[in-house]
Structures are given as C-alpha cells and as structure tokens.
Amino acid sequence: MFGVPLALAVGGGEGFYILLRRMQAQTYDPHALPSPLIGKRPPAFNLPGAAGMQGFANTDIAAPPKPMLVNWFASWCVPCTQESVMLDRLAGGGLAIWGVAYEDDAQNLQKFLAANGNPYQRLAADVDGTTAINWGVYGVPETYFIDKAGIVRWRYAGALTDDVVASTLTPLLEKYS
Amino acid sequence: MRRLLLLLALLPTLAFAQDMVTRDGVTMTPAQETRAEAIGDQLRCLVCQNESIEDSNAKLAAQLRGIIRTQVVKGVPDKNIMDYMVQRYGIFVLLKPPVSPLTWLLYAMPVLALLCGLAAFWFGRRKSGAPAPLDDAEAARLEVLLRE
C-alpha cells in the first residue's frame, strides 16, 4: 500500500529529471509553440524588398528548386546578431536563405547587415508586422523550413544553434532534398 | 435662432462622440470595447505566455488587441475572431483549451483523481476489518494482562 505513493513520487521525479536534462541539452524548449503552418503553404503575402534587395511573395516560395529557409529577424533583436554567424555558415554551405526584416528601420537594417554579414538571397521588409501575424510569428528570430513543394515542414523560434542544426535541420535537409 | 436650433440638434451627437473610446488605435463604443476585452481576456499573449492579450504590454499583444477591436467594430462574430487567432497561433493561444483528443486527459483528470481516491479509500477500509479471533495462547495472555 505504501509502495504506490512511493512509485508515483519516483516516477514523477524521473519525469522531471528527463525534462530538465533535455532542457539543458536544448532538445526541449517548454516555451516553444507548435506552428499551425506545419504541413501547409505560407499564407498569401507580397512584401517589398529591403536594403536594396529583391522582396518576395508567397508565389515565389511555392516551388523552390531546393529546400530553403525563411528567416525572420530584426536589427533591434539581440539573438539575431548571435544567429547571423550560423546563417552565414549555412548560406556558405549552399543553403538558400530568404530573409524578412520584421518591423525594422531601413537605416538600422543596413548597419546590421554591414556589421553581421548578409546571408540572404532575397530580403523583404514587413514594416507593420501584418504578414508576421498571418504566419503566426511571435518573436524574432524565427526560421521556417520550406520543402520543394513549398510546404512548411519545421518552424524554429529562437536563434539557430549548432545543436539545433545538427539534431533537426541537417536531418530535414537530407529528408527533403 | 436657426443657428441655435442647429446647435441643439447637434447636441446628442456631441454626447455620442464623448462616449466613444479609443484603444490600440481603434475608436468604438463602450459596448464594443467591453466585447473586445472579453475576447482578449480569453487569449494568451504569445510573448509573455502567462498573461492574456488584454493584460500584456508586449507590442504583439497591442497589435492583436487592435485586430480584435477592428473586427469587433466590423461586427465579426466572436467565434470568427477566435478562429482567426487559432488559425495563426494554434490552440495554445486559447487560455481555456477546447475539449479535443489532445485535452481529453486534462479534462478527465478531476474524475480520474476522484476514482483513485475512492479506490484507495475502499482498499484501505477492506484491510482494516475485524481482527482475527484470538487463539488459546493469546486468550490466556490477555487474561493475565487484564488481571494485573
């Protein structure tokens, strides 16, 4: 009879231990939300270019030749600065990354790109954040993986790290290319 | 005289104009604002996840409050406004999760807990029934103890 509460406590403790360990290993984020866009195409939009680059519309990412990333960022966002190193490396490896500058100022955006490099093949500006709301973006940076059929397969909220790239992005690229 | 009459005729519209409220860039009647607040209270702010959109100071929450108010003024039903949010952010945006296969366990929890409690109570009682009758040696010892 006393074994039952004991077993429950041990089971609960073990559950918490696994949870905390996975949080520490950054394979589990309790604040991350599943995106309703997964398995669907992004909603209709048409954004102008930013920093002298070409913008894009939903039709431009409807059938990319290779899987690609759409990266939402802003010059005022601190983790975006940290993430730029990773994005440069991924772009250098031949991955197509299209950027959307979220509620950004043109001058600050230019400075940000000059300081941190520009990994983007195309760069659009979502000045009022309406397209971000339609995508379900709830912060920057956010990265969407789009396959060759133009379907969103993965959304990552936060700066892409080595762990995330190794554990999720690389397998996705292998699966969908 | 005509001017005075015109002014008098305009008085009700003045009162009406004073009654209007403006929040998050949308001007509406107090009743519409109350309706918008009731909707916003049921929605989670995605940035500070334990606050409702109404309570949050986050910029995204202010934008979503503006969207809710614009739609309320247009006369969009509550359900459609909720669907608009769920379509973009998933059911996590609802502070009260809907009953669905994903939340069955959550809603069944009070009943399950009650059943577990009843089961524990029943098992506990069954064991502590009347004690087994004393054998001869025990009866003799009891006799000795009682006499002392």
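Structure summary
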quantity: Eligible lysines near residue A:111 by straight Cα distance, threshold 29 Å, same-chain separation 8 or greater; calculated: B:59
quantity: Computed label-point distance, nm, for sites residue B:31 and residue B:107 using a 7 Å Cα→Cβ extension; calculated: 3.2 nm
quantity: Average partner coverage of B:41-49, which counts Cβ from other chains inside 10 Å; calculated: 2
quantity: Accessible area of chain B belonging to carbon and sulfur atoms, whole % at 1.4 Å probe; calculated: 66 percent
quantity: Shape call, segment B:69-114: gyration tensor on alpha carbons, a/c limit 1.5; calculated: prolate
quantity: Interchain or long-range residues, amide H under 5 Å from residue A:122's placed H; calculated: A:99
quantity: Heavy-atom accessible surface that B and A bury in contact, both chains counted, 1.4 Å, Å² to 100; calculated: 1200 Å²
quantity: Angle between chain B longest axis and helix B:2-19 axis [Cα atoms, degrees, rounded to 10]; calculated: 20 degrees
quantity: Cα gyration tensor category, rounded, prolate or oblate, for the protein assembly as shown with a/c compared to 1.5; calculated: oblate
quantity: For segment B:99-148: accessible area per residue (Å², 1.4 Å); calculated: 97 Å²
quantity: Segment A:21-29 - phi-based ³J(HN,Hα) in whole Hz, Karplus 6.51/-1.76/1.60, Gly and Pro as x; calculated: 5, 5, 5, 5, 7, 6, 9, 9, 10
quantity: Pairwise Cα inverse-distance average, inverted: Kirkwood Rh of chain A (Å); calculated: 17.5 Å
quantity: Shape of segment A:19-64, Cα gyration tensor, a/c cut at 1.5; calculated: prolate
quantity: Shielding by partners, peptide A:128-139 (average Cβ within 10 angstrom, other chains); calculated: 4
quantity: Net charge over other residues, Cβ less than 12 angstrom from the Cβ of residue A:35 (K, R count +1; D, E count -1); calculated: +3
quantity: Neighbouring partner chain Cβ atoms per residue of A:27-36, average, 10 Å criterion; calculated: 3
quantity: Solvent-accessible heavy-atom area per residue, rounded to whole Å², over chain A at 1.4 Å; calculated: 51 Å²
quantity: Backbone HN-Hα couplings from phi across segment A:84-90 [Karplus 6.51/-1.76/1.60, Hz, Gly and Pro as x]; calculated: 4, 4, 5, 5, 4, 5, 5
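The values are calculated or read from the model by the stated rules, or taken from the named source; none is laboratory data. Because the structure is a prediction, the values reported are computed rather than measured. Neighbour counts are summed over all protein chains in view; Cβ atoms, including those assigned to glycine, are modelled from backbone coordinates with ideal geometry. Each accessible area value is taken on the protein alone, full model and side chains, heavy atoms only, with ligands, DNA and RNA left out. Shrake-Rupley method; radii C 1.70, N 1.55, O 1.52, S 1.80 Å.
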